[in-house]
Amino acid sequence: MTRTVRLTAQALAVALVVGLLALLVWRVAHDSKNDVAQALNAGEHPSAPNFDLPRLDGVGRFQLASVRGKKPIVLDFWASWCTPCIHESKRLEAALRQYGDRVEFIGVDTKDYSSDARHWQRKHGITYPSVHDGSGQVLNRWGGLPIPRIFFVDRTGKVVGELQAEEDLPRYLRQIAAS
Amino acid sequence: MLVLVAALITVPVALASERHPSLAELEGEVMCPVCGTTLDQSSSPAAQQIKRVIARRIAAGDTKSEIENRLVAEYGEAILAAPRHKGFGLLAWWLPVAGILAAAAALGIGAWRWSRRGEPEAQEPVLDPSLERRLDDELARWET
């Protein structure tokens, strides 16, 4: 009886250690940065990861997969507390007038309070649609903070680049519009 | 008795805090979504925004739970510095307690078994058969 109890206790202890090790491995594997921004920095052009988020205007949800591979996309990660986002979103709004018929402009309002975000859009005259990524999980998949982060996806659904400098915007817009 | 006194003191305080939360109190219980600290430790624009939201909701008469629910709906569960006392969050509160109790029980059982192993068991002294025979002879001779 004592031997059975001891063997059971040992088996439980081993199972616990194996479980904790498995948890550690899983955590390390998920911590490894394999986001879109890092893939771009490594010279790759990954397929744009899908997301399914509520629309900021509160009318239903939006899936990136619904436009990915059909139309080029500009993806703008922003928040109402982010001061530099104002400048970039206004530039995108201006570009929307020139490329809006060929390119899909989508904002991802991230780590933000949605009513403040809607007010911010009205205040700055931003008309392209946005989705709400309050937890920032989608932002993390694309590269994480800091924002603004603006990505360009061609017609085949591949991410071709991220805006790093002012002159990148017209260059990438021409590239994806022609794809 | 002590538990009753503690309950009499803490329950009204908790109820008052639930009905009329203060900004300072919530600042210590809500995380800044971009800095990894609670709001009271941060002056980032994102933290300032949430402080303003909380102040607005307090002014509107929201309870603490209503404010927390609103923030969780906007930012996810990670916006709270500590897991909530319901649903899956209960696991985070009770698992460590269960672990401590299990460890204490294991230690107690181990100590009890170890202390019993240390006690010398009462045993009949074993004599060499030749010595035993000699002792019997001597005793028989003494008795006669």
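Please list, by residue number, every one of the GluC sites (Glu not before Pro) in the stretch A:1-110 that is coil in DSSP and has at most 15 other beta-carbon atoms within 10 Å.
Working: sites: A:44, A:88, A:93, A:104; in loops: A:44.
Hits after loop and neighbour filter: A:44.
With θ taken as phi - 60° and the Karplus curve 6.51 cos²θ - 1.76 cosθ + 1.60 applied, the whole-hertz 3J(HN,Hα) list for the stretch A:109-120 is 6, 10, 6, 9, 8, 4, 5, 5, 5, 5, 4, 4 Hz, x standing for glycine and proline. In terms of its alpha-carbon gyration tensor, the stretch A:1-94 comes out prolate; a/c meets the 1.5 threshold, and the first ratio a/b outweighs b/c. Proximity of backbone amide H atoms, modeled 1.01 Å from N, is registered between residue A:107 and A:76, A:130, A:131 at under 5 Å, excluding neighbours fewer than 5 places apart on the same chain. The amide H of residue A:149, built 1.01 Å from its N in the peptide plane, has A:77 as neighbours under 5 Å, considering only residues 5 or more places off or on other chains.
Mind scanning A:71/A:158; A:70/A:158; A:71/A:111 and naming the pairs with a C-alpha gap bigger than 18 Å? Over 18 Å Cα-Cα: A:71/A:111. Computed over the stretch B:18-95, relative contact order equals 32 percent, with contacts defined as Cα pairs under 8 Å that lie 6+ residues apart. Under 1.5 on a/c is rounded, so check that first for the stretch A:49-129, then, if it is not, pick prolate when a/b is larger than b/c and oblate when it is not; a ≥ b ≥ c are the square roots of the alpha carbon gyration tensor eigenvalues. Judged from the Cα gyration tensor, the stretch A:49-129 comes out oblate (a/c at least 1.5, b/c at or above a/b). Applying a DSSP loop filter and a limit of 13 other Cβ atoms within 10 Å to the trypsin sites (Lys or Arg not before Pro) in the stretch B:60-106 leaves B:86.
Compute the Cα gyration tensor for the stretch A:30-179, then decide on rounded, prolate or oblate, letting a ≥ b ≥ c be the square roots of its eigenvalues: rounded whenever a/c is under 1.5, prolate when a/b is larger than b/c in the other cases, and oblate in all that remain. Because its axes are fairly even, with a/c under 1.5, the stretch A:30-179 counts as rounded.
Based on DSSP H segments of at least four residues, each scored -39500 (n - 2.57), chain A has a per-residue ellipticity at 222 nm of -14500 deg cm²/dmol. Convert each backbone phi in the stretch A:72-87 into a coupling constant with the Karplus relation 6.51 cos²θ - 1.76 cosθ + 1.60 (shift: θ = phi - 60°), then list the ³J(HN,Hα) values in order as whole Hz, x for Gly and Pro. Per-residue couplings from phi come out as x, 10, 10, 10, 10, 8, 8, 8, 6, 8, 8, 4, x, 5, 4, 4 Hz.
In order along the stretch A:14-20, the Karplus-derived 3J(HN,Hα) couplings, from 6.51 cos²θ - 1.76 cosθ + 1.60 at θ = phi - 60°, round to 5, 4, 5, 5, 4, x, 5 Hz, and Gly and Pro are given as x. In loop segments of the stretch B:32-119 as defined by DSSP, the chymotrypsin sites (Phe, Trp or Tyr not before Pro) with at most 15 further C-beta atoms inside 10 Å of their C-beta are B:88. Near the amide H of residue A:161, within less than 5 Å, lie the amide hydrogens of A:152, all on another chain or at least 5 residues away, with H placed in the peptide plane.
Values in this text are rule-based calculations from the coordinates and carry no lab data. This structure is a prediction, so every number in the text was calculated from the model and none was measured. Note that we place each Cβ from the backbone using ideal geometry, even for glycine, and neighbour counts take in every protein chain shown.
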